[in-house]
Amino acid sequence: MDVAGMTPLLALLVPVFGAAVVWLLRHRPPAREIGGIIAGLAQFAVVATMVPAVRDGGTVSFTLSTFLPGAPIELRADTLGVVLAGTAAILWVFTTIYAMGYFGTAPDPSLTRFHACLCLTMSATIGVAFSANLITLYLFYEALTIITYPLVAHAGTPEAIRGGRRYLAYQLGAGIAFLLPAIVLTYVEAGTFDFDPGGIFGPDSSSVLLVIIYVLFLLGIAKAALMPIHSWLPAAMVAPVPVSALLHAVAVVNVGVFCVIRVVLDVFGSDLVGELDLGLLTLVATSATILIASFYALRLDNLKGILAYSTIGQLSYMMLGVALLSPSGRAGAVLHLVGHSFSKITLFFAVGSIYLATHRTLASELRGIGRQLPLTMIAFAIGALSIIGLPPTVGFVAKYFLFVGAVEAGQWVILVVLSVSTLLSATYYLRILRSAVLDAPTLSLPGGPGDAAQPQRTPTVTERGFLVVGPMLATATVTLLLGIAPGRLLDFIRVLTG
Amino acid sequence: MSEITAAEQVGFPILSTLIFLPVVTMVALGFIRSDRVLRRVALGGAVAVLALSMLLVAGFHTGTADFQFAEQLPWVESMGLSYHLAVDGVSVLFVPLTALLVVVVILASWTSVRHQPKAHLMAVLAFETAAIGVFTSVDLILFFVFWELMLIPTYVLIKVWGIGPQRGRAALRYVLSMLLGSAALLVGFVLLGVGYRSAPGSGGALSFDLLVLMGSPLPAGSQGAVFFLLAFAFALKAPLFPFHSWMPAALLDGPIGMAVFLAGLKMGVFGFLRFVMPLVPDAFARHGWLIAVLGVVAVLYGALIALVQPDLRRLLSFASISHVGLAMLGLSSLNAQGLQGAIFLILNLGFVSTALLLVAGFIQQRVGSTDLAALGGLAQRAPALAAFALVAFLGAIGLPGTSGFPGEFLILLGAFRAHGWLAAIAVTTVILTAAYVLVYFERAFHGRVRSKVVGSTVDLRASEAITATVLGVMIIVLGFFPAAVLGFSSASVDDLVQRLGSSTTVVTTD
C-alpha cells in the first residue's frame, strides 16, 4: 500500500485517537488535556508533511470505501484543503491550552466531553478539507454539525439548550432542504460527484437548472452564514468562549466558506460562474450580508454578539473575494480565511480573558480596562486592527488583495462596499479600544467588594495565568507575522491565484 | 432466466434447511419444561439459522442476476405447482436479516415476556419459518402458502402477548386486512398461472413458477388486472397509504417483538420487487405514476402525523409508513438508482426500525410508558440507552454516516431523474423526519425529568447492551460501506430495470 497516500487518512484519524486518549485519561487531568494537545500537534505535523506534495497543484488521495457506484468516499488533499486543515489544527492546539486556563482541569465529565468533542470536530473538519467529491463532503459536513452540537449546548442551561437547538435546526434544516437536493441535482445534471478544477458540468447543461443548483448550494451551506441563513451564529454564542473561539471563528465557519469556494471553483468552475452571472449574484448577496452585519454590529453592546456579527460580515468578504473571479480576489479570500481565523480567535480569547478577570460581557463595561488588563487589550487591539484591515496585520494584506481583485474585476461598487464596511468595523472596534484605554476605570466589579462602597475604590483586577494569556498572545503574534511576511503563504497558494 | 442449484453451490438444500430448522427447534421446545433451558434452546436454534444464513451470503455469486441455491421438487404437477426455492440479488439479504431479527426478538423477550414463554418462543420460530419461506419461494402458490402461514403466529403474538388494552382488536384488524389482501393476491396469481396457458411454448399447461412466468410474460394489454390485484395485496401489507390503518394499531397494542417483524421486514415492498415488477412490467411502468403519487403522499402524511405523536410507538408506526412511501417512490422511478435505493432502504429499516422499537421497549420496561408526558431527562440516568437511541434516531433521519443515508440518497437520485417535482416534495419529508425525531429525542432524553420512575431508571443491562451494540454498529458500518450491500442486488436490479423497459442508463458497480 502506498504509504504517502495514507497521510490524508492519518490526518483524519489522529483526532479520533485523540478523542480516545481523552476518554481513557478522563480521570487524570491535566493528562487528558495534554493528550488533546499532543493530538493537535500530531495532526498539524501530518498536515505539514503534505505541503511539498500539494504546493504545485499536486494532490494526495486515499479512497476509504466505494460508497456508491462511481462515488467513493475519497480523501484528496490539495492546496486549499491543506490551508484549511493546517489552520484548524494549529488553532485547535491553542484553543485546548486556552480551555485549560478558562475551564480549569477538574476531572469533570462535561470537560471530558468537551475535549473529546473538540477532537472529533477536528476530524470532521479535516474530512471536509480533504473531501474529493460532494458525497464525502456532505458526509463530513453533517458529521461536523452533529459533533459540534454538544459543544454549543455545553453549559446545559435552558438558554444554552435553546441556542443549541437553533444551531442544530438551522444547520440540519438547511443541509437537508437545500444542500442535499443541490448535490442530487448536480449528479443528475453532471453525472459525477467528483471535484474538478474548472467545473464538472457539461456544455449542454440547462442554465436555469444550474442557477437553481447554485442558489441551493449557497442556501444549503448554512455554515458560511450568508444572510438570510445566518442567525444560527449569534444563537450559538451561548457556548462558552473557547467553543465560540474555535468553532464560530475557525472550524465551523471556515468549513462553510471552504465549501462555497469548492462549489465555485471545483463544481461550477470560474468560467461557468462568470458566464451565468452567478459571480454577480454572489457579489450582491455577500455585499448585502457585509453591510447589514456591520450595521447590526454597530448597535450591539454584547462583546460576543459584536464578534458574531463581525464574523458574519468577514465570512462574506472571503466569499466575495472568490466571486470576483480574479486571481487577486482569490488570493485575498484564502489569505483572509487564514488571517481572519487567527485575528478573530485572538479577539475571542481576549473577550474570554476579560470575562474571567472581571465577569464583564458588555462593551460599555470596558472603560479603562486597558490599564488593568494590558496584555489582553494589546491582543484585542491587534485582532481588531486586523479585522478592520489596518497594517501591519494580516487583515490589511487580505483586504489589499480584495481591493485589487475588485479593481481587476472592474467591480467599482464592490470598492465602495468594502470601504463603507471597513469604516463601520473601524467604528465599533475602535470605540471599544478607545474606551478601554483612555477612559478612567470607574466601574466596579458586579457583586465585588466595590459594589456597595465608593465607586472610586477599584478592586484589583489581574490577568488570568499563562494558560489564558499565552495562547492569546501567540495568535496575536501570528496575526502580526502573517501581516509583515505574507510571502510564504502567498507562495503556497499560488496554484489558486494563477 | 436461469438458475444455479444448491447442489452445485453448497452441496445440500440450504434454503429448505433454513426454513425447517426453526420447526425442528419448535419441536425440541415441546419437550422442555424449564424456562431457562427453553430460552437457551430457542436462542441456540435462532443463532444456528443466522449462522447458516451467513453461509448463504458467503456463497452467493454477486455478478449475476441468476437465481441461486435453487431446489425444486414436484408438488402438484397437473396444476403446474412445485416446491421451488431460490434466491437472487433482490431477496438473498432478507434471509439473514430475518434470522438476525429473530435472534434480537428472542433476546429482547428474555426478561420482558413472562407469560407462557414456551408458546411465545414457538410462535416466534413459526414466524421465522414462514418469513424465510416468503423470501425464498419462487413458486407463486408456495409463496402464497407461506404468506398465509405467517398470519397465524402474527395473530397469536399480537393477541396474547400484546401490551396494549386494545390488542384483541388490533390482532383481528390485522388479520382481516391481510385476508382481504390475500384474496386479491390469490386471484392475481391464478390469473397469471392461467394466462401462461396461452403463452407460446406452454403447451396449454398451467405454471405458477416465477422463473417460467418471467420467461414469457403476459401480453402488455392484459397485465392491468393482475397489476391492480397484486398491487392492492402488497400495498396493504407494506403498508402503503391509504391502506395503512392496521399498522398503528398493531404497533401500539402488539408486543415489541411482533412490531419488530412488522416494521422491520417490509414484505409488501418486497412483494412489489419480487412479483409485480418482473411479472407485469408493462403495467407497472404504465401505472408507476400512481405508485409514485401514493408514495409521496404517504411520505408526507406519515411524517406530518408522526410530528404530533407524543408516543414513541405511534410515532414509529407513522415513521414507518413514511419510509415505505419513500421506498415506493424509489420503485416507481424505474431506474437502477431508485430500485437499488429502495432495496437498501428497506434492508436498512430492518436495523433502524428494530433499534428504535427496542428503544421503545427498553423505555416501556423501565418507565411503563413511551409517552412524552411521562419522560424527560432519561439521558442522565441511562446514558448508554441515550447513545443507542441517538444512533438509531440519526439512522431514521438518514444522516450521512448512517445506514439511512445511502438508500434515501439513491432514491432521491432515481426519483429526480424519473419525475423531478415529486422528488422535490419528498425531500421536504427528510426535514420533517429530522424534526419529529429530534423533538422526541430531546424531550425524552434531555430536559426536565417528568416522572418519578425516570429518576430511578437503570441503564442498559449487559444482554441488552450487546443487542444494542450489534444494531448500532450495523447502522454505522452500512452507512460507510453501503457498496457491500448494493453489490448483492446490482446485477438483479439491472436485469429488472431492463425488464421494465426503462431507457435510463444502467449503473454498474466499479
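The values are calculated or read from the model by the stated rules, or taken from the named source; none is laboratory data. Please read these numbers as outputs of a predicted model, since none were measured by experiment. Backbone-built Cβ (ideal geometry, glycine too); neighbour counts: all protein chains shown.
Quick look at the numbers
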read-out	value
Among the residues listed as A:Tyr141, A:Tyr187, the single one being closer than 28 Å to A:Cys117 by Cβ and either out of contact with any helix residue (DSSP H, G or I) (no Cβ under 9 Å at 6 or more places or on another chain) or outside any loop (DSSP other than H, G, I, E, B) (or both)	A:Tyr141
Entirely in the stretch B:326-428, the helices (runs of 4 or more DSSP H) that have 3 or more residues that are of a type outside the set (A, V, I, L, M) and within 14 Å of another protein chain (Cβ to nearest Cβ)	B:336-367, B:383-397, B:404-418
Within the stretch A:46-137, helices (runs of 4 or more DSSP H) holding 3 or more residues that are surrounded by 24 or more Cβ atoms within 10 Å (Cβ to Cβ) and among the hydrophobic types (A, V, I, L, M, F, W, C)	A:79-103, A:109-129
Which listed residue, of A:Ser205, A:Ser231, is surrounded by fewer than 21 Cβ atoms within 10 Å (Cβ to Cβ), touching a residue at least 24 places away in the same chain (Cβ under 8 Å), of a type in the set (Ser, Thr, Tyr) and farther than 22 Å from A:Cys119 by Cβ	A:Ser231
Helices (runs of 4 or more DSSP H) contained in the stretch B:199-316 and holding at least 3 residues over 22 Å from B:Phe127 (Cα atoms)	B:210-215, B:224-237, B:281-286, B:288-307
Of all residues making up the stretch A:385-414, the number that are crowded, with 24+ Cβ neighbours inside 10 Å and not in a helix (DSSP H, G or I)	2
Matching residues in the stretch A:140-199 - criterion: being among the small types (Gly, Ala, Ser), within 10 Å of chain B (Cβ to nearest Cβ) and under 30 Å from A:Asp56 (Cα atoms)	A:Gly191
Check on A:Thr462, touching a helix residue (DSSP H, G or I) at 6+ places or on another chain (Cβ under 7 Å) and at pLDDT 85 or above	no
Number of positions in the stretch B:39-49 that are surrounded by 19 or more Cβ atoms within 10 Å (Cβ to Cβ) and at pLDDT 90 or above	4
Residue match in the stretch B:81-88 (condition: β-branched (Val, Ile, Thr) and over 22 Å from B:Lys266 (Cβ atoms))	no
Of the criteria (1) outside any helix (DSSP H, G or I); (2) surrounded by 18 or more Cβ atoms within 10 Å (Cβ to Cβ); (3) among the small types (Gly, Ala, Ser), which one B:Ser490 fails	(1)
Residue that is more than 19 Å from the chain's Cα centre (by Cα) and either among the β-branched types (Val, Ile, Thr) or surrounded by fewer than 19 Cβ atoms within 10 Å (Cβ to Cβ) (or both), where the choices are B:Ala70, B:Ala119	B:Ala119
Some residue of the stretch B:447-458 being within 13 Å of chain A (Cβ to nearest Cβ) and not charged (D, E, K, R)	yes
Residue check, A:Asp266 out of contact with any strand residue (DSSP E or B) (no Cβ under 8 Å at 6 or more places or on another chain), closer than 23 Å to A:Ala409 by Cα and buried (at least 20 other Cβ atoms within 10 Å of the Cβ)	yes
Residue identified as buried (at least 19 other Cβ atoms within 10 Å of the Cβ) and touching a Ser or Thr at 6+ places or on another chain (Cβ under 8 Å) among A:Leu172, A:Leu185	A:Leu172
A:Leu13 vs. criteria of a type in the set (A, V, I, L, M, F, W, C), touching a Pro at 6+ places or on another chain (Cβ under 9 Å), within 14 Å of chain B (Cβ to nearest Cβ) and under 30 Å from B:Val477 (Cα atoms)	no
Selection within the stretch B:292-305 - buried (at least 24 other Cβ atoms within 10 Å of the Cβ) and aliphatic (A, V, I, L, M)	B:Ala292, B:Val296, B:Ala298, B:Val299, B:Ala303
B:Arg443 vs. criteria among the basic types (Lys, Arg), under 30 Å from A:Ala71 (Cα atoms) and within 12 Å of chain A (Cβ to nearest Cβ)	no
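Condition check ((1) farther than 24 Å from A:Val407 by Cα; (2) in a helix (DSSP H, G or I)) across all residues:
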residue	(1), (2)
A:Leu265	no, yes
A:Val273	no, yes
A:Leu281	no, yes
A:Tyr296	yes, yes
A:Met319	no, yes
A:Leu325	no, no
A:Gly332	no, yes
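Listed here are the residues, each with its yes/no results for (1) surrounded by fewer than 24 Cβ atoms within 10 Å (Cβ to Cβ); (2) in contact with a strand residue (DSSP E or B) (Cβ under 9 Å, 6 or more places away or on another chain); (3) within 26 Å of A:Ala143 (Cβ to Cβ).
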| site | (1), (2), (3) |
| --- | --- |
| B:Leu334 | no, no, no |
| B:Leu345 | no, no, yes |
| B:Leu390 | yes, no, yes |
| B:Gly398 | no, no, yes |
| B:Gly401 | yes, no, yes |
